[in-house]
Amino acid sequence: MKKTLREIAELVGARLEGDGDIVISGLDNIDGAGPHDLTFAVEPHIDAARECKAAAVMLPEGVENFPKPAIYVEDPRAAFAKLLDAFTPKLHFETGVSTEAHIGKDVKIGRDVVIMPFAVVDDHAVIGDRVTLYPHTYIGQYAEVGDDTVIYSSATVREHCHVGKRCVIHCSAVIGSDGFGFTTKDGVHTKVPQVGNVVLEDDVEIGAHDGIDRAAMGSTVIGHGTKIDNLVHIGHNCKIGPNCLIVAQTGISGSTTVGHNVTFGGQVGTVGHITIGANSVYAARSGIIGNMPEGVFCAGFPVQQHTEWLRMQAAMKRLPELYKKLRKLEKKLGKNE
């Protein structure tokens, strides 16, 4: 695709400064952008953008004396994402069910679906309109997949699970794996049947190799609009609220309730049977060991206020120096005694 800078500015509602007739043929990051590309920059990368090779740069309002043609928007990241969608060629698949797919008994399939070779839709499953199932996906018995959902290769939606509308499930994710429930007697572990399911509400995205465990009874729920990165584990009977962000390698233990708009950085871990308040942020590698209030920004293990954690980290860097001073004081006191 090729568009003039003026056309791009109109597309995203941007203010143009410089030559609007420049033709843009691609989008790239600051380091990779060439003389026919558009890139974007926010702090602290604006100085680097001044020196880049891009034909033009998308910037936040307020940047002055920029040496290149530029378009100004309130949120460059969001506007650039819109452009990425416009400039990326759309994949096209013929609608219909491949003759090499397996469709079980009493399956209900909606309109304009794409079910590719070697996909398996088991007995009594329900597939909504415009659903795309890539090769080697498995949809279990009595499972339901909502309209406009895309499920990529090797992903599994197990029996009785419900996937909402416009969801995305990436490769090798498992929706409805058994919860980790056992009783132990005389050193022998006996499995507790996991007879619940998983409910993904609308507009949920599940990353590659995620495991979302089915409830022992009832439902494990992932709320509307929540986005989960790759390699995340959600334990059985968890209730994850709407519009959460859960970053890679996070583990949320069973029966944890998470409020809306909570962000977990990479490798966050929790104990089970706790409640985590809404509108909160937990920095990478936080360890959450108890109930948490709403609206906090926390870090560390055990988790604490982020500002306190920063002070503690700064103090820890001085420990070797403080230890030497303490040893000297001990020697001086010893001599005086």
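The values are calculated or read from the model by the stated rules, or taken from the named source; none is laboratory data. Everything numeric here is computed off the predicted structure, so don't read it as measured data. All Cβ positions, even for glycine, are placed from backbone atoms using ideal geometry, and neighbour counts span all protein chains on display. Each accessible area value is taken on the protein alone, full model and side chains, heavy atoms only, with ligands, DNA and RNA left out. Shrake-Rupley method; radii C 1.70, N 1.55, O 1.52, S 1.80 Å.
Couple of notes before you dig in:
- Residue in region 292-300 that is of a type in the set (Phe, Trp, Tyr), outside any helix (DSSP H, G or I), touching a strand residue (DSSP E or B) at 6+ places or on another chain (Cβ under 8 Å) and more than 30 Å from His160 (Cα to Cα) present: yes
- Condition check for Asn230 on (1) surrounded by fewer than 17 Cβ atoms within 10 Å (Cβ to Cβ); (2) over 23 Å from Thr137 (Cβ atoms); (3) touching a residue at least 12 places away in the same chain (Cβ under 8 Å): one failure, at (2).
- From the options Lys239, Lys227, residue that is among the basic types (Lys, Arg) and over 12 Å from the mean Cα position of the chain (by Cα): Lys239
- Residue within region 166-181 that is open to solvent by less than 30 Å² (accessible area, probe 1.4 Å) and over 19 Å from Val120 (Cβ atoms) present: yes
- Every residue from region 260-278 that is more than 19 Å from Ser177 (Cβ to Cβ) and more than 16 Å from the chain's Cα centre (by Cα): Val271, His273, Ile274, Thr275, Ile276, Gly277, Ala278
- The residues in region 182-215 that are buried (at least 17 other Cβ atoms within 10 Å of the Cβ) and either over 25 Å from the mean Cα position of the chain (by Cα) or polar (S, T, N, Q) (or both) can be counted, and the count is 2.
- Subset tally (residues that are more than 13 Å from Gly110 (Cα to Cα) and buried (at least 24 other Cβ atoms within 10 Å of the Cβ)) for region 129-163: 8
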